[in-house]
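Undergrad: Take this structure, written in structure tokens, and hold onto it; I'll ask about it next.
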Amino acid sequence: MKTYKIHLIRHGLTDANTLGRYIGCRTDLPLSASGVKELELLKNSVEYPEIERLYSSPLLRCRQTGAVIYPDMEIHTVDNLKEYDFGDFEGKTAESLEILESFRDWASGKIDSTPNGESNRDFIKRVCLGFNEIVRDMMENGITNSGVIMHGGAIMMLLSASAVPRRQTVEWTSDAGRGYSVMVTPSLYHSSGIIEVYDII
């Protein structure tokens with residue numbers, strides 16, 4: 001039976017990442033100079049998978065990452081792969097937000113959404129829809145091996161919702177320029193939405 005391999009790669013570092021700020025879909029930051037350098041070093045030391053098509057979140061930090069890792073590939077953007085909407089927490093650090101009850105409740109899981117932002121449930125649904133767009137495009141175009149440049153939070157939510165082995169969301173973290181390789185078996189995916197993680201990038 002035909003299977004489809006999809007390599008989920010987290011974008012490189014931005015200045016906001018280095019400063020520990022929550023940066024979601026509202027702020028379209030570029031990679032930092034050190035983030036670009038780190039990706040270039042990784043590219044020379046890590047064997048990134050060979051792919052037939054490259055997909056990406058439309059945000060600049062993801063598209064720039066794709067251009068560094070796969071410079072000869074056209075980038076196909078998928079809007080639903082944008083990072084979480086942090087609402088009122090956008091651009092702020094956890095340290096500065098700890099005084100807010102709303103932040104403490106959100107961080108501890110007591111509430112599902114950020115003030116004026118996105119709920120975790122809606123985020124998971126959106127990212128899974130984006131992943132499904134990729135699977136459908138691959139099947140329609142005879143592509144069996146692709147790369148996807150995503151945000152760390154999006155990778156975590158997608159895998160916690162759909163991947164085997166089963167793990168908690170926080171167990172699916174990945175460093176900049178790293179990620180996971182997953183396999184989609186059509187019969188299993190269409191019947192239950194399950195994808196299989198088979199390697200770490």
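The values are calculated or read from the model by the stated rules, or taken from the named source; none is laboratory data. Note that this is a predicted model, so its numbers are computed, not measured. Positions of Cβ are backbone-derived with ideal geometry, glycine not excepted, and every protein chain shown enters the neighbour counts. For accessibility, only protein heavy atoms count, side chains too; no ligands or nucleic acids. Shrake-Rupley method; radii C 1.70, N 1.55, O 1.52, S 1.80 Å.
Undergrad: Could you count how many residues in the range 136-175 are small (Gly, Ala, Ser) and over 21 Å from Thr14 (Cβ atoms)?
TA: 6
Undergrad: Evaluate the range 69-82: report whether one residue or more is open to solvent by less than 60 Å² (accessible area, probe 1.4 Å), touching a strand residue (DSSP E or B) at 6+ places or on another chain (Cβ under 7 Å) and hydroxyl-bearing (Ser, Thr, Tyr).
TA: Within the range 69-82, one or more residues are open to solvent by less than 60 Å² (accessible area, probe 1.4 Å), touching a strand residue (DSSP E or B) at 6+ places or on another chain (Cβ under 7 Å) and hydroxyl-bearing (Ser, Thr, Tyr).
Undergrad: Something else now. Can you tell me which residue within the range 178-201, out of those that are open to solvent by 70 Å² or more (accessible area, probe 1.4 Å) and not hydroxyl-bearing (Ser, Thr, Tyr), is farthest from His76 (Cα to Cα)? Let's see the steps before the verdict.
TA: So the first thing to find is which residues in the range 178-201 are open to solvent by 70 Å² or more (accessible area, probe 1.4 Å), and the list is 178, 188, 190-191, 196, 198-200.
Adding the requirement that they be not hydroxyl-bearing (Ser, Thr, Tyr) leaves 178, 188, 190, 196, 199-200.
Values: Arg178: 20, Leu188: 26, His190: 23, Glu196: 23, Asp199: 23, Ile200: 23 Å.
Result: Leu188.
Undergrad: Those residues that are of a type in the set (Lys, Arg), surrounded by fewer than 22 Cβ atoms within 10 Å (Cβ to Cβ) and in contact (Cβ under 8 Å) with a residue 60 or more places away in the chain, I need them from the range 1-42; list them, please.
TA: Lys2, Lys5, Arg21, Arg26
Undergrad: If I ask for residues that are assigned to a loop (DSSP other than H, G, I, E, B) and over 13 Å from the mean Cα position of the chain (by Cα), which ones from the range 73-97 would you list? Break it down into steps so the answer makes sense when it comes.
TA: Our first condition is that a residue be assigned to a loop (DSSP other than H, G, I, E, B); within the range 73-97, this holds for 73-74, 78, 82-86, 90-92.
Within the range 73-97, Met73, Glu74, Asp85, Phe86, Glu90, Gly91, Lys92 meet the criteria.
Undergrad: Find the residue count for the range 83-121, including only residues that are more than 16 Å from Arg21 (Cβ to Cβ), acidic (Asp, Glu) and surrounded by 14 or more Cβ atoms within 10 Å (Cβ to Cβ).
TA: Residues meeting the conditions: 1.
Undergrad: Still on this structure, please answer the following. In the range 52-68, which residue that is open to solvent by 30 Å² or more (accessible area, probe 1.4 Å), touching a residue at least 60 places away in the same chain (Cβ under 8 Å) and not acidic (Asp, Glu) is farthest from Lys5 (Cα to Cα)?
TA: Taking the candidates together, the pick is Arg63.
Undergrad: With the requirement that a residue be polar (S, T, N, Q) and either touching a residue at least 24 places away in the same chain (Cβ under 8 Å) or part of a loop (DSSP other than H, G, I, E, B) (or both), what does the range 98-125 give you?
TA: Within the range 98-125, Ser108, Ser113, Thr114, Asn116, Asn120 meet the criteria.
Undergrad: I'd like the full set of residues that are touching a helix residue (DSSP H, G or I) at 6+ places or on another chain (Cβ under 6 Å), more than 23 Å from Asp199 (Cβ to Cβ) and not aliphatic (A, V, I, L, M), limited to the range 21-57.
TA: Within the range 21-57, Tyr22, Asp28, Pro30, Ser32 qualify.
Undergrad: Could you tell me whether the range 167-177 includes any residue that is among the basic types (Lys, Arg), surrounded by fewer than 16 Cβ atoms within 10 Å (Cβ to Cβ), at pLDDT 95 or above and at negative phi? Break it down stepwise before answering.
TA: The first filter runs over the range 167-177 and keeps only residues among the basic types (Lys, Arg), leaving 167.
Still in the running and surrounded by fewer than 16 Cβ atoms within 10 Å (Cβ to Cβ): 167.
Then keep just the ones that are at pLDDT 95 or above; that gives none.
Checking the range 167-177: not a single residue is among the basic types (Lys, Arg), surrounded by fewer than 16 Cβ atoms within 10 Å (Cβ to Cβ), at pLDDT 95 or above and at negative phi.
Undergrad: If the requirement is being under 16 Å from Asn80 (Cα atoms), touching a Ser or Thr at 6+ places or on another chain (Cβ under 9 Å) and outside any helix (DSSP H, G or I), which of these qualifies: Ile134, Ile149? Spell out the reasoning first.
TA: Numbers: Ile134 fails: outside any helix (DSSP H, G or I).
None of the other options fit; the residue is Ile149.
Undergrad: Go through the residues of the range 122-144 one by one and say whether even a single one is among the small types (Gly, Ala, Ser), open to solvent by less than 50 Å² (accessible area, probe 1.4 Å) and more than 23 Å from Thr3 (Cα to Cα).
TA: Scanning the range 122-144 turns up no residue that is among the small types (Gly, Ala, Ser), open to solvent by less than 50 Å² (accessible area, probe 1.4 Å) and more than 23 Å from Thr3 (Cα to Cα).
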